[in-house]
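These notes concern the structure reproduced below.
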């Protein structure tokens with residue numbers, strides 16, 4: 001009989017969810033019977049998605065997967081209070097769901113952030129006696145402090161013991177980078193309960209270059225650096241805007257296109273207007289079915305995060321997506337992600353929040369022969385296939401789940 005898994009996450013389709021339907025379908029393909037427990041879709045706008053109506057519970061069938069939606073307070077703004085209510089409301093409803101339904105499953109797979117999702121699994125496990133694995137994407141409470149939300153420092157001090165409690169109750173803690181896993185061990189997670197599972201790209205979106213009309217992007221006649229993703233505070237995209245302006249003084253063909261939505265969109269638009277930065281284009285986010293085509297048309301794909309020690313242990317998910325696209329990468333992030341790009345020969349890494357350094361890198365890459373840029377892209381794709389593919393990650397997760405379930409069965413007997 002197939003082992004039953006509850007996938008517990010606050011984010012799921014139709015939201016942009018790194019671990020969404022494809023992940024659950026992958027688990028099903030590995031022989032598991034999977035259900036999802038999640039909230040009502042409201043990210044990133046903070047408003048309930050069209051077609052949904054907020055209630056205490058809703059069952060939805062998505063491509064054969066049972067998706068249980070439980071109540072949450074929809075919010076995604078700068079207020080730490082609103083964000084806390086959003087997290088806590090889902091924590092309460094998820095805990096109730098796990099207590100009521102938890103015994104129906106052999107294990108729970110938890111996606112973090114936020115840590116409150118893991119807390120729901122940890123507390124309910126006292127009642128259900130079911131093990132859970134938790135996958136750590138953001139190192140809390142560090143990332144809460146880095147978010148610059150009002151009251152973040154106080155909230156972080158409250159969250160630290162919560163994180164340690166959840167890690168202690170988990171059967172296995174999965175870091176999204178080797179450095180993050182090492183940091184989790186430093187914080188008390190036993191070596192025997194810690195492992196690393198790298199993120200993978202949305203490989204369907206990568207393949208779907210499509211025949212979409214991209215003339216609105218105005219790429220023609222330019223050397224195009226493209227950033228695609230969240231326009232948030234931790235991305236530090238002001239640096240890219242200023243660097244592109246500086247670089248274009250040396251190479252007028254340089255153009256930077258920022259594609260996405262987020263809390264910093266208006267401030268970025270104001271900065272672009274203030275600088276008269278005609279070389280910077282700010283475009284709205286596009287669907288996953290279109291983004292592959294946009295990235296394929298770029299000359300160089302760009303990633304950037306604030307210069308914060310937290311991000312030395314984080315590999316932004318766009319790293320894998322960019323590499324899977326087979327394009328050169330300009331990485332303005334410290335730590336493991338920079339090492340991945342440099343070691344694989346997939347592009348250049350540069351000091352984050354250093355306008356002059358980023359501008360120099362842009363000028364350098366814009367001056368490279370097309371053959372060298374193509375070679376960088378080829379090396380990026382090869383490195384992705386070797387280390388980060390969806391198939392290899394699912395095989396690792398399958399092994400972890402089987403091990404956790406087997407150990408729980410031995411303990412119960």
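The values are calculated or read from the model by the stated rules, or taken from the named source; none is laboratory data. Please read all numbers here as calculations on a predicted model, not as lab measurements. All Cβ positions, even for glycine, are placed from backbone atoms using ideal geometry, and neighbour counts span all protein chains on display.
So here's what we get for this one:
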{"quantity": "Residue identified as over 14 Å from residue 300 (Cβ atoms), assigned by TED's automatic domain parsing to the domain that holds residue 182, part of a helix (DSSP H, G or I) and touching a strand residue (DSSP E or B) at 6+ places or on another chain (Cβ under 7 Å) among 405, 397", "calculated": "405"}
{"quantity": "Some residue of the range 148-167 being at pLDDT 95 or above and loosely packed, with under 15 Cβ neighbours inside 10 Å", "calculated": "no"}
{"quantity": "Hey, residue 43 closer than 27 Å to residue 169 by Cβ and in contact with a helix residue (DSSP H, G or I) (Cβ under 8 Å, 6 or more places away or on another chain) or not", "calculated": "no"}
{"quantity": "The range 371-413 - residue that is touching a helix residue (DSSP H, G or I) at 6+ places or on another chain (Cβ under 6 Å) and in contact (Cβ under 8 Å) with a residue 60 or more places away in the chain and, of those, farthest from residue 338 (Cα to Cα)", "calculated": "394"}
{"quantity": "Filtered residue count, the range 273-302, keeping only those that are surrounded by fewer than 21 Cβ atoms within 10 Å (Cβ to Cβ) and not in a helix (DSSP H, G or I)", "calculated": "11"}
{"quantity": "Failed item in (1) closer than 30 Å to residue 389 by Cβ; (2) not in a loop (DSSP other than H, G, I, E, B), with residue 18 passing the rest", "calculated": "(2)"}
{"quantity": "Test result for residue 219, more than 30 Å from residue 130 (Cα to Cα) and surrounded by 16 or more Cβ atoms within 10 Å (Cβ to Cβ)", "calculated": "yes"}
{"quantity": "Single unsatisfied condition, residue 270 versus (1) under 24 Å from the mean Cα position of the chain (by Cα); (2) surrounded by fewer than 19 Cβ atoms within 10 Å (Cβ to Cβ); (3) not in a loop (DSSP other than H, G, I, E, B)", "calculated": "(1)"}
{"quantity": "Hey, residue 326 part of a loop (DSSP other than H, G, I, E, B), out of contact with any strand residue (DSSP E or B) (no Cβ under 7 Å at 6 or more places or on another chain) and farther than 21 Å from residue 139 by Cα or not", "calculated": "yes"}
{"quantity": "Criterion: closer than 26 Å to residue 77 by Cβ and surrounded by fewer than 21 Cβ atoms within 10 Å (Cβ to Cβ) - qualifying residue of 51, 20", "calculated": "51"}
{"quantity": "Those strands (runs of 3 or more DSSP E) lying entirely in the range 155-253 with at least 2 residues within 23 Å of residue 332 (Cβ to Cβ)", "calculated": "223-228"}
{"quantity": "Restricting the range 112-135 to residues that are within 18 Å of residue 197 (Cα to Cα) and at pLDDT 95 or above, the residue that is surrounded by the most Cβ atoms within 10 Å (Cβ to Cβ)", "calculated": "118"}
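The rows are residues; the columns are (1) in contact with a strand residue (DSSP E or B) (Cβ under 6 Å, 6 or more places away or on another chain); (2) in the same structural domain as residue 87 (by TED's automatic domain parsing); (3) modelled with pLDDT of 95 or more.
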site	(1), (2), (3)
32	yes, yes, yes
35	yes, yes, yes
46	no, yes, no
49	no, yes, no
53	no, yes, no
61	no, yes, yes
66	yes, yes, yes
